[in-house]
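Below is one structure; the comments refer to it alone.
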Amino acid sequence: MSPGVYADLRAQRECWHPVSFAAGLGAQPVHADLLGEPLVLWRGRDGGVRAMSDLCVHRGTALSLGSVNGDEIVCAYHGWRYRADGRCTAIPQLADPARVPAKARVAAFRAQERYGLVWVALAEPCWPLPEVPELADGRWAVVTAGPYSWRCDAARQVENFTDFGHFPWVHPGLLGDPERPVVPRHEVRTEGHVLHYTIVRPEAPNSDEFPIFANQQAGPPERRSRYELHLPYTIVLRLTWGGERGMVYFFASQPVAADRCTGYVVIGRNYNLCQDDRVIQDFEDTIFGQDQRVVESQRPERVPFDLAAELHLKFDAVAVAYRKAMRASGLAADAPVGHDVHGPG
């Protein structure tokens, strides 16, 4: 295969990425993969999240098979103990277990819990997480959906989320209408690592099965969608319908590897506060399922950030701006297709 411009996994180590729903991380360690790096996630005595390389320095056993004891994780194979900074503190096989060699340590990474997700940065992060105050507002109902694991890169998943042209064809009756396929005009403004754009478009009425949107006004329903796309793979979408009712979609894709990703959705709304969470979750499962079969068919599996590699029209303004911004920020670079030259190692 010929070389191309693709997501630079090494550069993206300097970004925050989601690796798990926070609710899924309890008393036992959990495995996750990020940018080709195997991680073990766990909680310390204070409940705070920890992230380290999922690889005991002794015999390469996955630490995620072990257990948590106070502020330390214990390897399942030989009982070696590691604290949150990755340093081994005890080797039971020694006469003096505390006489630990200096080299007995594993890599530890920055981790935080926010918006119901566990986030990890494999190097000093260049940008903070976006601010979404609605998700911390007790007057808003918050529900999570996913995770959605796809066989493509995270950029394909993100571009699909922001692609307006596919709604009538992939999601007829739910997000679009084949009788109204024209994409309304919209402009994209890039400020640093954040893309801003707003689109006002007609949308399909609420279905009896999924009554989740606040489009109850008289006349054809119209949605105002205000997007923030935070590089590399996080989207904040605010929806309004001309009144005080609003919804916030928070979407972030985990770059598991060069050609695999997992998407997480957190949704807040200030209406339908007593609605069962399963209504929104079933809707998202349906939408992401419809998208997955299409996106996983795309070739290459990774977004080609060279603009000449694919045909772009005016309604592809977001994809064009996104690809330019990823290159300008150094998060996409020249790499041989199919070879993880920018991965860890």
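Do we have any residue at all in region 112-120 that's surrounded by 16 or more Cβ atoms within 10 Å (Cβ to Cβ), of a type in the set (A, V, I, L, M, F, W, C) and farther than 30 Å from L239 by Cβ?
no
Tally time: how many residues in region 114-127 are touching a Phe, Trp or Tyr at 6+ places or on another chain (Cβ under 7 Å) and part of a strand (DSSP E or B)?
Final tally of qualifying residues: 4.
If only one of L94, L65 is touching a His at 6+ places or on another chain (Cβ under 9 Å) and of a type in the set (A, V, I, L, M, F, W, C), which one is it?
Sole residue among the options that is touching a His at 6+ places or on another chain (Cβ under 9 Å) and of a type in the set (A, V, I, L, M, F, W, C): L65.
Residue check, T240 against (1) modelled with pLDDT of 95 or more; (2) among the hydroxyl-bearing types (S, T, Y); (3) surrounded by fewer than 20 Cβ atoms within 10 Å (Cβ to Cβ), all met but one. Which one?
It is condition (1) that T240 fails.
Within region 315-345, how many residues are among the charged types (D, E, K, R) and modelled with pLDDT of 95 or more?
4
Could you list, in sequence order, all residues of region 35-86 that are touching a residue at least 40 places away in the same chain (Cβ under 8 Å) and farther than 19 Å from A23 by Cβ?
Across region 35-86, the qualifying residues are L35, G36, E37, M52, S53, L55, C56, V57, H58, L63, I73, A84.
If T198 passes every condition in (1) in the same structural domain as L229 (by TED's automatic domain parsing); (2) at pLDDT 95 or above; (3) surrounded by 15 or more Cβ atoms within 10 Å (Cβ to Cβ) but one, which one does it miss?
For T198, the failing item is (3).
In contact (Cβ under 8 Å) with a residue 24 or more places away in the chain and part of a strand (DSSP E or B) - does that describe any residue in region 128-140?
No: region 128-140 contains no residue that is in contact (Cβ under 8 Å) with a residue 24 or more places away in the chain and part of a strand (DSSP E or B).
How many residues does region 141-177 contain that are of a type in the set (A, V, I, L, M, F, W, C) and in a loop (DSSP other than H, G, I, E, B)?
4
So R302 fits all but one of (1) farther than 16 Å from R260 by Cβ; (2) among the basic types (K, R); (3) assigned to a loop (DSSP other than H, G, I, E, B); what number is the exception?
The single condition R302 does not satisfy is (1).
Against the condition among the hydroxyl-bearing types (S, T, Y), surrounded by 15 or more Cβ atoms within 10 Å (Cβ to Cβ) and under 24 Å from the mean Cα position of the chain (by Cα), how does S20 come out, does it pass?
Considered against the rule, which asks whether it is among the hydroxyl-bearing types (S, T, Y), surrounded by 15 or more Cβ atoms within 10 Å (Cβ to Cβ) and under 24 Å from the mean Cα position of the chain (by Cα), S20 comes out as yes.
Residue-by-condition table, conditions (1) modelled with pLDDT of 90 or more; (2) buried (at least 19 other Cβ atoms within 10 Å of the Cβ):
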position	(1), (2)
E187	yes, no
P211	no, no
H230	yes, yes
I235	yes, yes
Y249	yes, yes
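The values are calculated or read from the model by the stated rules, or taken from the named source; none is laboratory data. Since this is a predicted model, take the numbers as computed values, not measurements. Cβ atoms come from the backbone with ideal geometry, glycine included; neighbour counts cover every protein chain shown.
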